[in-house]
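This is the structure, below, for whatever I ask next.
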Amino acid sequence: MPWLTLIGAVPLVGALAVWLPFTPAAKARVVALATSVVALVLTLAMALQFDVSTAGEYQFAETYRWIPDLGVSYALGVDGIALTMVALSAVLVPVCVLAGWNELDPEQSKTFFALMLVLETFMIGVFAARDVFLFYVFFEAMLVPVYFLIGFFGGPNRRYAAVKFFLYSLFGGLVMLVAVIALYVQGPGGPDGFLTDKLTGLDFSGTATERLIFLGFFLAFAIKAPMWPVHTWLPDAAAEAPAGVAVLLVGVLDKVGTFGMLTLCLPLFPEASKWAVPVVIVLAVVSVIYGALLAIGQSDLKRLIAYTSISHFGFIVLGVFAMTSYGQSGSALYMVNHGFSTAALFLVAGMLIARRGSARIEDYGGLQRSTPLLAGVFLVAGMSSLALPGLSSFVSEFLVLVGTFTRYPAAAIVATVGIILAALYILLTYQRMFTGPKRDYAAGWRDLDAREAFVVAPLIAVIIALGFFPKPVLDVLNPAVERTMQQVGVTDPEPTVAGITPAAEGTTP
């Protein structure tokens, strides 16, 4: 069975069904939810057939010649890393559809939910693509539904935010297109010359060529991630986007950047990746500290969450380019964990804004007395964001820091400051919004209703479950990380104990 094509096609068919004129506007959200649930069930069925023992190899592969004269193939397949990202997309879309259930009037909801389903198809495609040109097509196609979701349904500055997001991403995509073509020229060519399998392990005639092509890919992924200093589009886009769109934007779409670094930049350009490590490590550490500092100073709740994500993406990039198995496994797991914790934070923010009509933190206070369940969900998600032991992000952040410390101890020590700053921006925000005396404005507020509880409950369950037992996910990710390490040609550093390396055992220091 062509699992990946089927999973990607179901949301697209659902989008067409939602958009059809004879579909009642009041039923659009029902069709969208049912479609996304079907895609989720198919994804789970595929995941149950995934062979963990060969998780480093592509499975469920499909390869068809698409444009043979140009060397383009329709090639799909997932290893352990891609499978977890496809699963993350499939889980979050029905959650976001249910979260936006009452946000729009029926006529607007048709377009909104149809665009959400189209976006799901593109997200699944970009994570499953095994042809570099096909990856680029999905990479760029994602811009279109997100642009309209922000520009049509966002906040008062939605047009500015949508255009800024589009221009940044389009620029990165065009630079990557030049790099994609250059990579094809360097490869063996032929009717399937864009396949990643054929482009991995190329013998570049000169280091300058490899470095230039690497920079084209890396810039596009750095903008998408986003990393400092090409990050400025994210706070505006996340602040203006509806809560469900912000979840997919930060929780899934931005992961395409770090996913591309780990699964394309490193295997395709091993020498250039090692050449760029010192600069990338510095940029990642700056992103960690810079994002955290700006999060502390935010007065807008959604912008605060966006800046926390910039800090978290710094950790992910740090682990990827630490060139250790611990670091890269931690980064791959971090992409999953960050998706769930950030989703919970954005959804709670959306629920609060729907009640209060304001995203300003100073407009809230004393909510743990009026809405204790809402306060509790925010606290658990926030504690996961600051990597509290027992919650999901702790494991991934710990692995990233350990993996980085074994090779770049100074970078790991500075990045650890980000954990302290995370405690500040989460706990201060909780104190300002949820503690203190009960406010009059919240007297008639309801706590989580059944729909809202059903939206956040799975996220909290996953955050707690992966905090105590991340092994099933790590078992899927580790073989793919090991394969990447082999392709790059790096191994973990030999341990040093009490200042004596293994080679110096038996000698007196």
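Every read-out reported here was derived from the displayed coordinates using simple, explicitly stated rules and does not represent laboratory data. All values reported here derive from a predicted model rather than from experimental measurement. Every residue, glycine among them, receives a Cβ derived from its backbone with ideal geometry; neighbour counts consider all protein chains shown.
Taking a spot 7 Å from the Cα of Lys27 along the direction of its beta carbon, which residues of the stretch 1-15 have an amide N less than 20 Å from it?
What the label zone holds, given the 20 Å backbone N cut-off, is 10-15.
Work out, step by step, the length gained on full extension between Asp203 and Arg65: first 0.36 nm times the residue separation, then minus their alpha carbon distance; give nm to one decimal.
Length gained between Asp203 and Arg65: 47.2 nm.
Which FRET efficiency, nearest 0.05, do Lys274 and Glu57 yield, Cβ-Cβ r, R0 22 Å?
0.35
Using only the Cα atoms of the chain, construct the convex hull and provide its projected area averaged over every direction, in square nanometres to one decimal.
24.7
Near Gly8, within a Cβ-to-Cβ distance under 11 Å, what is the net charge of the other residues, with Lys and Arg +1 and Asp and Glu -1? Please report the intermediate quantities before stating the final value.
Numbers: positive: none; negative: Glu62, Glu120.
With Lys, Arg at +1 and Asp, Glu at -1, the neighbours total -2.
Can you check what the net charge comes to around His231, using other residues whose Cβ is under 13 Å from the Cβ of His231 (Lys, Arg +1; Asp, Glu -1)?
So the surrounding residues net to +1.
For Leu6 and Arg360, calculate 0.36 nm times their separation in residues minus their Cα-Cα distance, and state this gained length in nm to one decimal. Please list the in-between numbers first.
Numbers: separation 354, 0.36 × 354 = 127.44 nm, distance 4.27 nm.
Gain in length upon complete extension: 123.2 nm.
As a footprinting exposure proxy, order Leu4, Leu219 by other Cβ within 10 Å, with the fewest listed first.
With the sparsest Cβ surroundings first, the list reads Leu219, Leu4.
State whether the stretch 214-294 is rounded, prolate or oblate according to the following rule on the C-alpha gyration tensor (a ≥ b ≥ c being the square roots of its eigenvalues): a/c under 1.5 gives rounded; otherwise a/b larger than b/c gives prolate, and the remaining case gives oblate.
Numbers: a/c = 2.84, a/b = 1.60, b/c = 1.77.
Here the stretch 214-294 falls in the oblate category.
Now a separate question. Name the residue farthest towards the positive end of the dipole of the chain from the options Ala32, Pro267, Leu474, assuming +1 on Cβ of Lys and Arg, -1 on Cβ of Asp and Glu, about the Cα centre.
Most positive-ward Cα: Ala32.
Based on Cβ point charges of +1 for Lys and Arg and -1 for Asp and Glu, what charge dipole magnitude is obtained for the chain about its Cα centre, in debye rounded to the nearest 20? Mind dumping the intermediate values first?
Values: 27 positive and 32 negative charges, 280 e Å.
Using Cβ point charges on Lys, Arg, Asp and Glu, the chain gives about 1340 debye.
Run through the stretch 68-121 and list the GluC sites (Glu not before Pro) located in a DSSP loop whose Cβ has at most 14 other Cβ atoms within 10 Å.
Hits after loop and neighbour filter: nothing returned.
If neighbour count is taken as other Cβ atoms inside 10 Å, put Cys96, Cys265 in order from fewest to most.
In order of increasing Cβ crowding within 10 Å: Cys265, Cys96.
Length gain on complete extension for the stretch Asn102 to Thr491, per 0.36 nm per residue less the alpha carbon to alpha carbon distance?
Difference between extended and current length: 134.9 nm.
Also: Please give the charge dipole size of the stretch 232-315, origin at the Cα centre, charges +1 on K and R Cβ atoms and -1 on D and E Cβ atoms. Round to the nearest 20 debye.
140
Lys pairs in the chain, Cα-Cα under 24 Å, at least 8 apart or on separate chains: how many?
So the count of such lysine pairs works out to 12.
Please arrange Asp197, Asp254 by counting, for each residue, the other beta carbons lying within 10 Å of its beta carbon, fewest first.
So the residues, fewest neighbours to most, are Asp197, Asp254.
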